[in-house]
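To start, the structure under review is shown below, and the notes come after it.
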Amino acid sequence: MAEHILEAHSLTRQEAQIPREDWFEASETLQHLRKNKKFPTIWCSGCGLGVIMGALIRAIDHLGLQRDQVALVAGIGCTARMPVYLDFNTLHTTHGRALAFATGLKIARPDMKVIAIMGDGDALAIGGNHFIHAARRNIGITALVVNNAIYGMTGGQYSPTTPVGMRATTAPYGNVEPPFPICDLAIAAGASYVARSTAFHALELDKYLSEAISNDGFSLVEAVSYCHTTYGRINKLGTAAEMMRGLRDNSISKTAFDKLSPEEQQANTKIVRGVLHRKKRPEYTAIYDLIVQQQTHQEEIRLRNTGRH
Amino acid sequence: MSVKLMQGNEAIALGAIAAGCRFYAGYPITPSSEVAEVMARELPKVGGKFIQMEDEIASMAAIIGARVGGLKSMTATSGPGFSLMQENLGYAVMAEIPCVVVNVQRLGPSTGQPTAASQGDVMQARWGTHGDHPIIALSPISVSQAFDLTVKAFNLSEKYRTPVILLTDEIIGHMREPIELPDFTTVEKYEHVVTEPPETYKPYSNRTDVPPMAAFGRGYRYHITGLFHDEVGFPTQRLDEVEPWLERVNSKLERNPDDILLYQADYQPGARVAILSYGATARTARHAVKQMRARGEKVNLFTAYTLWPFPEKAVEALADSVERIIVPEMNLGQLALEVERVAGRRKVTRVNRANGEMVTPDMILAAMER
């Protein structure tokens, strides 16, 4: 820090809004970041992923979870790089398979909080099968799906959530495929908690993630984001800041949405933010554990009766 | 100790439980489904967990996830499912996650003949996943050995932090034989012990052939990835970090041949011909050798139980002992390629059958005349 510049301007460090030297250590939530990993992240500057990562670590922090008790499992893509920066048990797997790896891990360690972090292509194209089956089982995993409607890491190909008519490098004349409504899909498949927010609504996201992680069953949080580098450029949607503003202007809270007339709801094209679904259902590992308890008990009796104990 | 009559597939399941397997994920496929059925029935009795996944890709992923969580794990499949497992099999190699994959081979390619036997996946077991990589594949010749080699598969998998393929076939899988089951508590099991404290623990240390593996959720928070990684598990592209890893992982099996390479070499002084075989075909070979020896003909018999890494030195020695090696296989010549590679100037005669039927002793005897 060039102290003499501050002096020339007659500014204190505080007035110049220069962070304290121990800013990193002073922040409790930042303690969840891996200090031995070289930052910056691989994400483009202006990307919504940093905000979403912030929401995730605040959610974990609010719940007061021990870092050892949390596992982050990711597939492949920009979003899937999130775990490497965070000081938890982190498993960076193959494309589309985060939920399948997470299923094995959750069954092995039902006491751990397992969070699967995926992009839209990762979760719904190559990983679509695992997504619906994890939801069907209602296994206690939180799926965080960051939906930017594009394959960012590979350079801007259309994804299963790219809106009809929008352009991508592999849809140069406009996308002809209808998109998946991620939340509806999860609800239909059996998820017990489903919520949606955006990278603009960071605190809302943090609240939904807390609820999702606390939910005893399969939870989905769809975090709508943007990719200004590929999708934004190809579709002339402006800078990262403009796209971020777009999330604010083109979304509506569920509370406000519910107050609309049926005709207005029908005509709505905005992203509906809120808790879209909550239903108490038996959680997979808990149900399976009943079988294990019953069978281990009967086995003990059998061994005792045959004199092998 | 108790004697039971059972199928090879059942023996594999019980061998897994004896070896400490406590997680199984699989997808139904003929002729391997009995392994899943026995695991579904038996695992809960010992506190283990079974799950039928949505496909073989997910099954392979789930067993890796469960082992990361600390449970020894296995899946079983056949040709088409084995193909689907290849990507995550490579992940297990890269991330050095122990696990056992059973392939009860059936006639392929594609759906082929699901109920017919084959040894057509020998090369897929070696090179099925992308990229250069080490792999272990074991192949039993009887029901009793199916049990023993499953135990061995688990222990090698743990000891060398690598996936191990139990490459069996429909004949061994569905054949019933008496087997002496040991008391499972007496079965030797390899367990990882991490002595390093979390602050200095390096899950991918290159200072030893195989660094011990810490399970998730026990205070060792670290990163596991399919990308090239440094000693603590973080992705890296630096050559000074990647090259020691390549060197260690690609030579960790070669450096321990006595432990990994299992075979039986039955030499007869003065023999000029040898038969080399494995799996169900080894039973045919034994039969042919018995007939020849009964007629007073001298023949050397080599049975490979470890197919990968290929027991080169032992096969070289075999080649040195005779003028000709006969290699019967239920495929169009796969392990024969390896035999030809190491046999030098010795003649290698292939005896192949890839129509779902076993190679017969007569086919081997006829090859002697060729």
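Here are the numbers for the structure shown:
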quantity	calculated
Anisotropy class of the stretch B:121-169 from Cα gyration tensor, a/c 1.5 cut	oblate
Electrostatic dipole magnitude of the protein assembly as shown [Cβ: Lys, Arg +1; Asp, Glu -1; Cα centre; debye, to 20]	820
Compactness index (Cα Rg / 2.2 N^0.38 Å), the protein assembly as shown	1.09
Förster radius 41 Å - calculated FRET efficiency between B:Thr200 and A:Cys44, Cβ distance, rounded to 0.05	0.70
Shielding score for B:51-58, defined as the mean number of other chain Cβ atoms within 10 Å	6
Cα-projected label distance for B:Arg345 with A:His4, points at 7 Å along beta-carbon direction, nm	8.4
Percent carbon-and-sulfur accessible area, chain A, ignoring ligands, DNA and RNA, probe 1.4 Å	55
Partners for B:Lys347 among aspartates and glutamates (Cα-Cα distance below 18 Å; same-chain residues under 8 apart left out)	B:Glu312, B:Glu316, B:Asp320, B:Glu323, B:Glu329, B:Glu338, B:Glu369
Added length on full extension, which subtracts the Cα-Cα distance from 0.36 nm per residue, B:Gln291 to B:Thr360	23.6 nm
Gaussian network model of chain B, springs between alpha carbon atoms under 10 Å - residue of B:Glu42, B:Glu158, B:Glu170 with greatest fluctuation	B:Glu42
Kirkwood Rh, Cα atoms: Rg over Rh of chain A	1.06
Under-5 Å amide H pairs with B:His229, H placed in peptide plane, nonlocal only	B:Thr236
The protein assembly as shown: antiparallel DSSP beta bridges as a percent of all, rounded to 5	25
Net charge of neighbours whose Cβ lies under 12 Å from the Cβ of B:Ile97, counting Lys and Arg as +1 and Asp and Glu as -1	+1
Accessible area buried, both sides summed, chains A and B with 1.4 Å probe, Å²	3500
Pairs beyond 20 Å (Cα-Cα), from A:Lys106/A:Lys254; A:Lys280/B:Lys45; A:Lys35/A:Lys207; A:Lys113/B:Lys49	A:Lys106/A:Lys254; A:Lys280/B:Lys45; A:Lys35/A:Lys207
Order by protection proxy (mean Cβ within 10 Å, highest first), peptides B:190-198, A:48-56	A:48-56, B:190-198
Nearest 10 degrees, 0 to 90: helix A:240-249 Cα axis against chain A principal axis	70
Using θ = phi - 60° and Karplus 6.51 cos²θ - 1.76 cosθ + 1.60, couplings along the stretch B:125-137 (whole Hz; Gly, Pro as x)	4, 7, 10, x, 8, 7, x, 6, 6, x, 7, 10, 10
Contact order relative to length of the stretch A:40-89, as percent, for alpha carbon pairs under 8 angstrom and 6 or more apart	40
Dipole of chain A, positive end: most advanced residue of A:Phe88, A:Gly104, A:Ala240 [Cβ charges, Cα centre]	A:Gly104
Prolate/oblate/rounded call for the stretch B:48-168, Cα gyration tensor, a/c under 1.5 rounded	rounded
Amide H within-cut-off set for B:Val351, under 5 Å, with H built and near neighbours excluded	B:Val327, B:Glu329
Per residue value of the accessible surface for the stretch B:7-108 (all protein chains in place, 1.4 Å probe), Å²	18
Rounded to 5, the percent of DSSP beta bridges in chain B classed as antiparallel	30
Helix-only [θ]222 nm of chain B, DSSP H runs n ≥ 4, -39500 (n - 2.57) each, per residue, nearest 500	-11500 deg cm²/dmol
Residues losing 20 Å² or more accessible surface upon assembly, the stretch B:189-232, compared with the chain by itself, 1.4 Å	B:Phe216, B:Gly217, B:Gly219, B:Arg221, B:Tyr222, B:His223, B:Ile224, B:Leu227
Of all accessible heavy-atom area on the stretch B:2-186, the percent that carbon and sulfur account for (1.4 Å)	53
B:Glu340 accessible area, 1.4 Å probe, all protein chains in place, Å² to nearest 10	70
Candidate lysines for bridging to B:Lys252, where Cα separation is under 19 Å - those fewer than 8 sequence places away on the same chain excluded	B:Lys152, B:Lys159, B:Lys202, B:Lys313
Added length on full extension, which subtracts the Cα-Cα distance from 0.36 nm per residue, A:Gln14 to A:Gln157	47.0 nm
Reciprocal of mean inverse Cα separation for chain B (Kirkwood radius, Å)	21.1
Residue-normalised accessible area of the stretch A:47-143, expressed per residue, 1.4 Å probe, Å²	20
Farthest positive-ward along the protein assembly as shown dipole, Cα basis, beta-carbon charges - from B:Met85, B:Gly296, B:Val348	B:Gly296
Distance in nm between pseudo-label sites at A:Arg302 and B:Met123 (7 Å out along the Cβ direction from Cα)	4.5
Residues with amide H under 5 Å from that of A:Val272, placed H, sequence gap 5 or more	A:Ile252
Equivalent ellipsoid dimensions for the stretch B:263-369 as semi-axes, Å, which come from the Cα gyration tensor, largest first	18, 18, 12
J(HN,Hα) series, the stretch A:49-61, from Karplus relation 6.51 cos²θ - 1.76 cosθ + 1.60, nearest Hz, glycine and proline x	5, x, 5, 5, 4, x, 4, 5, 6, 5, 4, 5, 5
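The values are calculated or read from the model by the stated rules, or taken from the named source; none is laboratory data. If you're wondering where the values come from, they're calculated on a predicted model, not measured in any experiment. Please note: Cβ atoms are built from the backbone with ideal geometry, for glycine as well, and neighbour counts cover all protein chains shown. Please note that ligands, DNA and RNA were not included when accessible areas were found on the heavy atoms of the full protein model with its side chains. Shrake-Rupley method; radii C 1.70, N 1.55, O 1.52, S 1.80 Å.
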